[in-house]
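A.B. asks: One structure, pasted below without further comment.
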Amino acid sequence: MKRLPFTKSDLWIALGFLVCYVAIFDAKLDLGGDNAGYYILGQSLHSGQGYTDIHLPGAPAAKHFPPGYPAVLAVFMTFSDSFEFLKWMNGLLFLGALLLLQRLFVRMTQNSLLSWTALGLTLLNAHLLRSSTILMSEIPFLFFSVATLSCLVKWKDSETAFWKSPWFWAMLVLSSASYHIRTAGLALIAGIGLYLLFEKKWTAAVGYGVGFIGLALPWFLRGKALGGNPYLQQLIQVNPYRPEEGVLTASGWLDRIQTNGWRYLTQELPNGLFPKLDVVYSQDEPTGFFLYGSLLLLLVVFGTFKMPKLRMMWAGYLAASAAIFLLWPEVWFGVRFMQPLIPFLLLAATVGAWEALKWAQSRFNLPSWVASPYILMAAGLIQLSAVTKLRAESQDPVGSQYANYFNIGRYAGQNLPPDAIIATYKPALFYLYAQRPCVRFPSIEDNEAFISKLKEQGVTHVVVDQLGYSAIGRYVVPAIQKYPERFPLILQLPNPDTYLLQLK
């Protein structure tokens, strides 16, 4: 009898995913500008216009986002380009990642209950669930990176020379795809390279390195021809959003590493693994979060050390990722950068907690149930409250400040000439509604120089919003207040006041 391509475990995972996903699904477009940018690039590829920023004047070649996720969106757009459909496709990639993780977790822990515990915590993680309903690269990267590691394990188990193994070449292609989805995917590449070196697979490590360079070279050369990789340029700046502050000095790098390390310990790590431990980045870390973060870090390190199988594969990936996180600009904070690691961090913490319980049970002669993996499953109850909150947020309407912003966009699309160029804080997001070329405000504090730059960009109209970003008050409003005659009012929407102005 032919074996089915799925198991009962797969069906249970799919059922659990479907229940959670339907409960928290948010049909609204995410209010971040990046997801609009990905969507626009997907449109550009799907419509045959190449990899271009069609929302910018002149549709220049795109170089900010790597092309992997837009290419995935372009494939999905063959069937439908609706936001809701594409969100569901992202959700299916999360389901695919869960199915692969279940097999990988069992292989790493040699313990079915522990692997199911970690998988349940992953499924109920509000950050991952939220990302699975928006058009961002975290979940696609998670899927491709887990598929990469799964191929690595298959190749290792086959004990076949790398040049003869289809699993090795699949790993190479998938890891390259992961890098082209997120530039920070270099951590995955470095992790695999370290693992091959740890395992003393010298020729495989060289073959993998040469193969990856060959696959990554076209995108690198294209970026170089277009003026260099913007991520690398922003990496050395004190603040990418305030270029006037210059680039980092040697002491600046040390300060960045220290600041990032402390923030990840006291905020990102506890909040990332258990979203109920909420943080507010405008304030100091909440009371007790240093203890939570320290405990979780100890469990992750201890669990990694005690992992029965593939510990060096995970350790290399973790070490390379941590190095990137520490060097990242401080203003790029939040859990989103570590999301692809969350399943493995939860697994390592679960193994560490179980090993600690076993030690305590043996050391103090406690009842045997103390060291049962079922005790750890209770941690899933902590995740449920964050999922409940996520469900409530998915049903909330768009805030009035964004409703006004989008209505200004609709008005612009219906009333402004096709050659109008609009300056706004979120050009990609505004373009989805206005369908007119948009640019972002220049970061120039001098009023006259600010206006000159707008004219140089060909700007004909300006949007003053109430989205809460400081750049409006720092760069835009002072220029309008100093030269009001140059910014006649076209449209004003109240509560809160949102303006469309002409630039003379």
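A.B. asks: In region 411-431, which residues are touching a Leu at 6+ places or on another chain (Cβ under 7 Å) and over 20 Å from Glu456 (Cβ atoms)?
C.D. replies: Across region 411-431, the qualifying residues are Tyr411, Ala412.
A.B. asks: Show me the helices (runs of 4 or more DSSP H) entirely contained within region 224-277 in which 3 or more residues are of a type in the set (S, T, N, Q).
C.D. replies: Output list reads 250-263.
A.B. asks: Still on this structure: Could you list, ordered by first residue, the pairs with Cβ atoms under 7 Å in which the first is in region 233-251 and at positive phi and the second is outside any helix (DSSP H, G or I), at least 6 apart or interchain?
C.D. replies: Gly246/Val238
A.B. asks: Out of all the residues in region 6-48, which are under 30 Å from Tyr431 (Cβ atoms), free of Cβ contacts under 8 Å to residues at least 12 places away in the same chain and not hydroxyl-bearing (Ser, Thr, Tyr)?
C.D. replies: If the condition is that a residue be under 30 Å from Tyr431 (Cβ atoms), free of Cβ contacts under 8 Å to residues at least 12 places away in the same chain and not hydroxyl-bearing (Ser, Thr, Tyr), then Gly48 is the only one that fits.
A.B. asks: So which residues in region 22-37 are surrounded by 20 or more Cβ atoms within 10 Å (Cβ to Cβ) and either at pLDDT 95 or above or of a type in the set (Val, Ile, Thr) (or both), if there are any at all?
C.D. replies: Residue satisfying the conditions is Ile24 alone.
A.B. asks: Determine whether Ala71 is of a type outside the set (Phe, Trp, Tyr) and more than 27 Å from Leu345 (Cα to Cα).
C.D. replies: Here the answer is yes, as Ala71 does meet what is asked.
A.B. asks: Being more than 19 Å from Val301 (Cα to Cα) and of a type outside the set (D, E, K, R), is that true of even one residue in region 355-362?
C.D. replies: Within region 355-362 (the criterion being more than 19 Å from Val301 (Cα to Cα) and of a type outside the set (D, E, K, R)), the answer is yes, since at least one residue qualifies.
A.B. asks: Sticking with this one: Inspect region 181-204 for any residue being in contact with a Pro (Cβ under 6 Å, 6 or more places away or on another chain) and at pLDDT below 95 and give the result as yes or no.
C.D. replies: Checked region 181-204: at least one residue is in contact with a Pro (Cβ under 6 Å, 6 or more places away or on another chain) and at pLDDT below 95.
A.B. asks: Next question, about the same structure. Spot the failing condition for Trp219; the list is (1) aromatic (Phe, Trp, Tyr); (2) out of contact with any Asp or Glu (no Cβ under 9 Å at 6 or more places or on another chain); (3) without any contact (Cβ under 8 Å) to a residue 40 or more places away in the chain, and only one is missed.
C.D. replies: (3)
A.B. asks: Ile451: of a type in the set (A, V, I, L, M, F, W, C), assigned to a helix (DSSP H, G or I) and under 18 Å from Tyr499 (Cα atoms), yes or no?
C.D. replies: yes
A.B. asks: Same structure, new question: Determine whether Ala360 is touching a Leu at 6+ places or on another chain (Cβ under 9 Å), over 30 Å from Gln466 (Cα atoms) and buried (at least 16 other Cβ atoms within 10 Å of the Cβ).
C.D. replies: Here the answer is no, as Ala360 does not meet what is asked.
A.B. asks: For region 159-182, state whether one or more residues are among the basic types (Lys, Arg), over 22 Å from Tyr51 (Cβ atoms) and free of Cβ contacts under 8 Å to residues at least 12 places away in the same chain.
C.D. replies: For region 159-182, residues among the basic types (Lys, Arg), over 22 Å from Tyr51 (Cβ atoms) and free of Cβ contacts under 8 Å to residues at least 12 places away in the same chain: present.
A.B. asks: So which residues in region 143-178 are hydroxyl-bearing (Ser, Thr, Tyr), modelled with pLDDT of 90 or more and either outside any helix (DSSP H, G or I) or surrounded by fewer than 24 Cβ atoms within 10 Å (Cβ to Cβ) (or both), if there are any at all?
C.D. replies: Those that are hydroxyl-bearing (Ser, Thr, Tyr), modelled with pLDDT of 90 or more and either outside any helix (DSSP H, G or I) or surrounded by fewer than 24 Cβ atoms within 10 Å (Cβ to Cβ) (or both): Ser150, Ser165, Ser176.
A.B. asks: Looking for whichever is farther than 28 Å from Gly193 by Cβ, exposed (fewer than 12 other Cβ atoms within 10 Å of the Cβ) and among the hydrophobic types (A, V, I, L, M, F, W, C) here; the options are Val210, Val247, Val238. Which one fits?
C.D. replies: Val247
A.B. asks: Quick one: how many residues across region 408-421 are out of contact with any helix residue (DSSP H, G or I) (no Cβ under 6 Å at 6 or more places or on another chain) and surrounded by 16 or more Cβ atoms within 10 Å (Cβ to Cβ)?
C.D. replies: Adding up the residues that qualify gives 5.
Each row is one residue, and each column tells you yes or no for (1) of a type in the set (Lys, Arg); (2) in contact with a helix residue (DSSP H, G or I) (Cβ under 8 Å, 6 or more places away or on another chain); (3) not assigned by TED's automatic domain parsing to the domain that holds Glu138.
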{"residue": "His55", "(1), (2), (3)": "no, yes, yes"}
{"residue": "Trp88", "(1), (2), (3)": "no, no, no"}
{"residue": "Leu92", "(1), (2), (3)": "no, no, no"}
{"residue": "Arg103", "(1), (2), (3)": "yes, yes, no"}
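A.B. asks: Hey, among Leu56, Leu128, Leu121, which residue is over 17 Å from the mean Cα position of the chain (by Cα) and under 30 Å from Lys154 (Cβ atoms)?
C.D. replies: Answer to the selection: Leu121.
The values are calculated or read from the model by the stated rules, or taken from the named source; none is laboratory data. Everything quoted here is computed from the prediction, not taken from an experiment. Cβ atoms come from the backbone with ideal geometry, glycine included; neighbour counts cover every protein chain shown.
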